1. Against the condition surrounded by fewer than 18 Cβ atoms within 10 Å (Cβ to Cβ), under 17 Å from the mean Cα position of the chain (by Cα), part of a helix (DSSP H, G or I) and modelled with pLDDT of 85 or more, how does residue 51 come out, does it pass?
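The values are calculated or read from the model by the stated rules, or taken from the named source; none is laboratory data. Keep in mind that this is a model prediction, so the values were computed, not measured. In this analysis, Cβ positions are derived from the backbone assuming ideal geometry, glycine residues included, and neighbour counts consider all displayed protein chains.
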């Protein structure tokens with residue numbers, strides 16, 4: 001599920017940036033606000049799962065590189081919970097790969113699983129994904145303020161006053 005959400009997030013982000021490029025400033029500010037909200041929702045989703053799921057020890061059973069030029073790698077994981085062994089695959093994109101460059105078959109790591117359905121996995125790449133989403137929240141909020149200020153006719157120097165006004169200062 002994380003892999004599908006990450007892929008959809010990438011396409012959604014690309015679509016929003018196209019909207020920002022061709023739409024009026026007011027619509028662009030709304031698009032950036034949507035991007036920031038989506039990033040925040042995905043961050044909260046990962047954080048909630050990390051806080052409510054249980055840790056188990058998992059082992060890498062397979063490492064495969066993606067198709068030529070794709071830059072993605074897949075890691076097959078195996079873990080046991082409640083006496084039952086489960087397997088799943090985590091696909092890690094090029095931007096998330098550096099923390100995983102030392103993972104090979106037999107590597108053990110902490111995985112997080114849903115106690116109600118232990119076949120659902122939060123892989124070790126959750127930290128990199130969470131960080132990426134949180135950076136996007138900040139960038140989206142900045143873009144929203146910038147484009148909103150421009151749509152209101154304020155210069156970027158006047159945005160400091162807008163921020164103080166919004167914060168009650």
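1. yes
Results for (1) farther than 25 Å from residue 36 by Cα; (2) surrounded by 15 or more Cβ atoms within 10 Å (Cβ to Cβ); (3) modelled with pLDDT under 75, shown as yes or no for each residue.
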| site | (1), (2), (3) |
| --- | --- |
| 69 | yes, no, yes |
| 73 | yes, yes, no |
| 86 | yes, yes, no |
| 132 | no, yes, no |
| 149 | no, yes, no |
| 163 | no, no, yes |
| 166 | no, no, yes |
